[in-house]
Every structure is written in structure tokens, then in C-alpha cells.
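Below is one structure; the comments refer to it alone.
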Amino acid sequence: MKHFDTKDGIHIRFMDMVDYEQVKIFLRNHYYNAEPLAASSDEELREVKAEVQSVLKYIKQGISLVAIDETDSEERIVGCTVAATMHAGDYLRRLKESPDDAEHSDWRSTIELFDKVIAEGNPFERYGVNKLLLFDMIAVDARMRGKGIGARLATAQMELGRKQGFEVMVAICTSFYSARQLSGLGMECIYELAYADYLDANGSVLFELPAPHTHIRLLSIGL
């Protein structure tokens, strides 16, 4: 396994496919119940087959990371990122490949929102590139937050992207806190949309989230 760095007993390394089952449980416990759109959904997004398959597909690309607590006898995962190569139209392709039914309505609405953010923020044209590093997810064990693990993972993801030849990294931040953290690491907000302004065909707000999660934002950084 490819290693990244170790500090204060927390070791960051490349995520491997053998980590998948642990990562799936970790995301269930420390990401989906905290990420604003998933937490507000009537669906269990972590159980939606299309979501599970997309996360697995991203992990197979081999550019995601895990943070391991080496002071723990089981060397448990205490943080992770899910990252992938993105090309223009990727979210639209995900929609075409996914079931169009009531069971997946919240998931489809989320992907449609992400597609809108990428299309209107248009980082491909902004930076003159045909591919980006998508920083799709970052999660830290609730018991380990406040120790800088998230910042280390995000910084390591940028460094990895640079080494892999990416010129730009982008992140769609549904949470006020993730946007604040990534802005503090030098990422720039290039697009934002108030959830109150994202309406369905009947003019109703699709996502009613609690403060301070008032906007979805697209952040970017040149690598």
C-alpha cells in the first residue's frame, strides 16, 4: 500500500479496494448522517444502490485516501476521502445510468443539483482543462474531530492530485463547515446557490436545510 504521512499516531495512506467494506461502514457512521443533503433526505442515501455503486466506482480509481489510527490495536479508520477524475457531463451520465423511479427521487434530485452547480460554475472553461480532480467526500470520525485530520486529508488530496498530473481540484460543498474548512486551505468559491432558490417544477423548495447550511458552493484550486 502507498503511504502518505504520519503525525500524532494518525497515518494517511492511499485507499485500497481491500478497505472498501470498512470504508462503507465508516461513511455510513460518519458521513451520511452529517452531510446536510443526506441527513435531510427521506431516503437512506447510503443504501441507494446507485450511490453505493458510484462510490465504489470512484474508489476503484485509486486516488482516495484513508487516515488510520496507529495507536489503536485494530488500526481503525478515523478519516477518509473519496476522490475521482471528473469530465464535463459526468453527473448527467450518472443520471442517465440510474433508475428513474420514486425510490431514487431524492438521490436523483441531489445529482441534478450537483450537475447544475458544475454546469453553471463551469470550472472546465474557467481553467481551460478537460478533466478535474473531484474531491467528492471527506469524513472524519466524530470522536476525532478538532484534531486537524480533515485538514491533513484535504491537503494530502491536493498534493496527490498534483503528483497525478491534475491541474485543478474542485469540491461541491453542501455544508457550511466543509466550505469554510476548504476555503481556509486556499480553495476559492467560484459558484454558490442558495437552497431557497433551488425549486422543483411546482415552485417548491427542494431542499430545506437548517442554518448555517444555506448555500451549496463550488470550490476550486489550481494544483
Kindly report, to the nearest 10 Å², the accessible surface of ILE172 as traced by a 1.4 Å probe over protein heavy atoms only.
20 Å²
Expected unfolding gain across GLU167-ARG76 under the 0.36 nm per residue rule, minus the alpha-carbon gap, is 29.5 nm
Working out 0.36 nm times the residue gap between ARG180 and GLU159, then minus their Cα-Cα distance, what length gain in nm do you get to one decimal?
5.6 nm
Given the options VAL205, VAL117, VAL140, state which has the largest fluctuation in a GNM of the chain using a 10 Å cut-off (strictly under) for Cα springs.
VAL205
Taking a crude spin-label model, label points 7 Å out from Cα along the C-beta direction, the SER40 to ALA142 distance in nm is 2.0 nm
Ranked by GNM mean-square fluctuation in the chain (Cα springs under 10 Å), the top entry among LEU206, LEU134, LEU37 is LEU206
Run the numbers on the chain and let me know its relative contact order in percent, using alpha-carbon pairs under 8 Å that are six or more apart.
20 percent
How large a share of the accessible area of the chain, in percent, is made up of carbon and sulfur atoms when the probe is 1.4 Å and the other protein chains stay in place?
46 percent
In whole Å, largest first, what are the principal axis extents of the Cα atoms in the chain?
54, 38, 33
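The values are calculated or read from the model by the stated rules, or taken from the named source; none is laboratory data. No experiment lies behind these values; they were computed from the predicted model shown. Because the Cβ atoms are built from the backbone with ideal geometry, glycine has one as well, and the counts that use them run over all protein chains shown. Just the protein is used for accessible areas: all its heavy atoms, side chains included, with ligands, DNA and RNA removed. Shrake-Rupley method; radii C 1.70, N 1.55, O 1.52, S 1.80 Å.
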